[in-house]
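J.: Mind looking over this structure? Questions follow.
The values are calculated or read from the model by the stated rules, or taken from the named source; none is laboratory data. These numbers were taken from a predicted model, which means no experiment stands behind them. We place every Cβ from the backbone using ideal geometry, glycine too, and count neighbours over all the protein chains shown. Accessible surface areas use protein heavy atoms only, side chains included; no ligands, DNA or RNA. Shrake-Rupley method; radii C 1.70, N 1.55, O 1.52, S 1.80 Å.
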Amino acid sequence: MNKLKLQIFLISFTLLFLELALIRYLPSQISYLGYYTNFILLAAFVGIGGGMLIAKKYGALDWFFPQLLLILIAVCTLFPVSVYPDAVGEIHFFSNFRGFVLPEVFVVPFVFIFTSAVFASLASRLTPLFDSLAPLSAYTYDILGSIAGIVAFSALSFFGTQPFIWFTLFALIYAVINAKDDKNFRKILVLFAAAVITLSVNQNTVWSPYQKITVSKEQTNEEVKYRLFVNNIGHQAIESKDKEWFYNFHYAAFNNNHFDRALIIGSGTGNDVAIALKNNVGIVDAVEIDPEIVSVGKIYHPDRPYADSRVNLYIGDGRAFLKNTTNKYDLIIFALPDSLVLAATHGNIRLESFLFTEESFQEARGKLKDDGIFVLYNYYRAPWLVSKVAFMTERVFGAPPYVWAVDNEVMPAVIMAGGRLNDLRKESLPQSYQIEKTIPPSTDDWPFFYLSKPSLPMIYIWMITLVLAASYVMFSYFSGGKLYKKIAPTYFLLGAAFMLLESKAIVRFMLLFGPTWIVNSLVFFAILTSVFLAIQFVAHTTLNNKKLLFALLAVSLIVQYIFPYDSLLSTGAIARYIIVSILTFAPIFFANIVFARLFKDSKDNSMNFVSNMFGAAVGGTAEYLSMIIGYRHLSLVIIGLYILAYFFQYKKSFGKL
């Protein structure tokens with residue numbers, strides 16, 4: 001590996017590593033930014049493309065990169081800010097606010113623009129490197145660096161390391177990149193200062209693969225209580241829940257209140273498990289996706305529920321557990337499984353999104369005994385959301401559920417369905433809450449549980465418009481104007497289509513295997529590996545028929561679109577993995593062969609790569625169309641983009657535009 005290739009590898013490593021680090025760190029400091037982490041990913045794409053573009057005119061601009069990163073981390077860490085989530089059309093769970101409370105239409109674009117500037121300054125070094133090597137050679141080492149960045153950060157996540165470790169490692173790699181720079185020592189000191197600043201948030205804090213977790217101690221006259229905060233947001237009170245009515249409601253609602261075996265999904269620190277044990281449930285299977293939340297419960301919960309021999313603890317996704325368990329239950333509880341973060345950096349899917357779909361409810365029904373009961377409780381925040389959950393259970397169970405709700409600002413409610421409703425103590429309970437039956441149900445194709453109808457809330461339209469317009473104006477100005485004339489349309493469209501294709505792949509694997517951090521990491525790794533294999537295929541074969549490659553891509557996309565994925569939900573895990581992998585990665589592989597084959601003949605490596613990055617950013621915003629049309633029909637958008645890319649590539653065959 002010569003010096004140029006090593007430089008590309010290391011810079012690409014740092015770009016991907018920093019992207020993942022900021023996606024984890026910034027929402028941990030800016031409360032409720034976790035609902036919008038995909039904008040940080042888009043900022044990285046825009047920044048990389050913009051930095052390489054500006055470098056064509058001004059040269060590398062990374063001399064002020066350390067200062068920019070230091071300012072970003074210092075401002076987010078030392079000046080507490082909370083995003084106030086817009087409540088029109090979509091439910092966001094929030095409790096306490098920290099520091100300045102600002103609307104997301106202000107905070108998200110600010111974070112986007114500043115993050116873009118950070119990545120632009122670092123990525124500007126790639127332009128001369130890309131233009132100094134053969135196209136596929138430069139692209140190969142860019143992908144290898146990205147793969148290494150994912151592996152490195154995933155390893156750090158696995159071991160639960162702190163941000164100080166992330167940014168210190170980043171500074172060391174950056175030192176290697178700048179080994180011959182006279183100002184290298186000064187730059188490293190600045191980056192190390194950024195790492196040191198993150199130490200200020202480590203008191204009573206652990207970092208799970210999903211979020212920052214902090215435990216606070218609250219002393220009252222009678223007892224000591226502990227409260228768990230996730231990314232500075234109050235999430236769970238760790239205490240005996242005897243006084244909380246909906247934790248106990250279903251245990252007192254039936255004449256026969258004994259349950260031999262219960263499944264609790266979203267067991268958290270153990271509150272729901274402790275109540276189940278106090279009500280003499282024989283066996284409790286407890287499922288929680290975040291291992292560090294469980295660890296906190298084991299240490300601080302006064303009842304020590306996870307130490308009880310009747311409890312079987314499973315760390316993982318609740319939906320995946322429902323698919324794979326062979327047990328039958330008297331009681332299944334979805335116990336306040338409301339996350340404060342997105343499941344991945346692509347799209348608007350939260351950790352619990354696929355738990356609250358009709359297909360998931362059907363799987364829960366399949367695991368119930370004939371006289372079992374399915375229970376959901378939460379603070380639902382809006383009457384329409386209570387109606388949505390209740391109507392979904394009615395559609396699945398074929399009979400109206402029993403609903404007890406308190407019609408106030410936070411809308412606490414208990415919803416019960418199943419055979420044991422026949423044993424309900426109706427004489428001692430209030431009449432079931434009247435629900436509205438016009439709210440569209442959430443499905444695996446449209447898993448937007450917190451939307452009242454298929455739509456794109458206006459706040460997303462505003463934010464997308466602001467960040468794209470600001471990016472265009474900024475990079476058009478610094479690159480000499482008329483950016484639209486510099487962009488290569490074929491590469492732009494290929495980038496947009498591939499970003500959507502990648503998003504669909506991630507969502508599909510989250511559905512079938514759970515939205516765990518390891519699933520997401522493996523899918524990202526597999527996608528980049530597919531890109532690398534496609535590059536090697538093009539580099540070492542003589543297949544030059546680009547139209548044939550476009551045709552193979554089209555066929556694979558059509559097959560992916562028409563295949564009945566629901567039929568896989570009942571298959572074994574291994575068979576499901578093989579079939580989904582083929583259907584998912586065949587289009588990804590062919591798409592990358594098409595890109596690599598075109599890029600091999602590139603006359604302007606850096607500009608074509610820039611166009612692809614900008615296209616990826618636009619494709620990332622187009623993924624929000626799924627909130628209107630669902631994920632399946634995104635395939636039609638992808639096919640349309642590839643048709644346009646084909647048209648622009650061969651437009652001379654059709655006549656000039």
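J.: Just reorder 207, 462 by solvent-accessible area, largest first, 1.4 Å probe, all chains present.
T.: Per-residue accessible area, sorted high to low, gives 462, 207.
J.: Let me ask another. Pop the C-beta distance of residue 408 and residue 629 into the FRET formula with R0 = 30 Å and round what comes out to the nearest 0.05.
T.: Efficiency, from the Cβ-Cβ distance: 0.30.
J.: Just to confirm the number: angle between the C-alpha axis of helix 383-397 and the first principal axis of the chain, 0 to 90 degrees, nearest 10?
T.: 80 degrees
J.: Report the relative contact order of the chain, percent, no decimals, based on alpha-carbon pairs under 8 angstrom and at least 6 residues apart.
T.: Averaging sequence separation for qualifying contacts and normalising by length gives 16 percent for the chain.
J.: Using label points projected 7 Å from each Cα along Cα→Cβ, tell me how many nm separate residue 328 and residue 485, to one decimal.
T.: Modelled inter-label distance: 7.4 nm.
J.: Hey, another quick one. With +1 on the Cβ of every Lys and Arg and -1 on the Cβ of every Asp and Glu, and nothing else charged, how large is the dipole of the chain about its Cα centre, in debye rounded to the nearest 20?
T.: Result for the chain is approximately 2380 debye, rounded to the nearest 20.
J.: Using a 1.4 angstrom probe on heavy atoms only, work out the carbon and sulfur share of the accessible area of the chain in %.
T.: 63 percent
J.: Roughly speaking, what is the stretch gain from residue 526 to residue 604, that is 0.36 nm per residue apart minus the C-alpha to C-alpha distance, in nm to one decimal?
T.: Full-extension gain reported as 25.3 nm.
J.: I've got another one for you. Estimate the FRET efficiency between residue 2 and residue 545 by the formula 1/(1 + (r/R0)^6), using the beta-carbon distance for r and 30 Å for R0, to the nearest 0.05.
T.: 0.40
J.: How tilted is helix 291-300 with respect to the longest principal axis of the chain? Cα atoms for both, answer in degrees (0 to 90, nearest 10).
T.: Once rounded, the angle reads 40 degrees.
J.: Rounded to the nearest 20 Debye, what is the dipole magnitude of region 528-649 about its Cα centre when Lys and Arg each give +1 and Asp and Glu each give -1 at the C-beta?
T.: Once rounded to the nearest 20, the dipole reads 240 debye.
J.: Follow-up question, since we're still on this one. Calculate, in nm to one decimal, what residue 219 and residue 132 gain on full extension: separation in residues at 0.36 nm each, minus their alpha carbon distance.
T.: Result for the pair: 24.9 nm of gain on full extension.
J.: Name the GluC sites (Glu not before Pro) in region 185-282 that are in a loop by DSSP and that have at most 12 other C-beta atoms within 10 Å, would you?
T.: The qualifying sites are 222, 223.
J.: With 24 Å as the cut-off, how large is the P(r) tail for region 260-385, expressed as percent of Cα-Cα pairs?
T.: The share of Cα pairs beyond 24 Å in region 260-385 comes to 26 percent.
J.: Let me ask another. Taking 0.36 nm per intervening residue step and subtracting the Cα-Cα distance, what contour gain separates residue 425 from residue 362 on full extension?
T.: Once the chain is fully extended between residue 425 and residue 362, it gains 20.1 nm.
J.: Using only the alpha carbon atoms of region 336-452, find the Kirkwood hydrodynamic radius as the inverse mean reciprocal pair distance, in angstroms to one decimal.
T.: 14.8 Å
J.: Here are labelled values, (i) 225; (ii) 156; (iii) 170, and one is the computed volume of the Cα convex hull per residue in Å³ for what I pasted. Which one?
T.: Matching entry in (i) 225; (ii) 156; (iii) 170: (ii).
J.: Positive end of the charge dipole of the chain (Lys, Arg +1 and Asp, Glu -1 on Cβ, about the Cα centre): tell me which of 17, 99, 650 has its Cα farthest that way.
T.: Of the candidates, 650 comes out farthest on the positive side.
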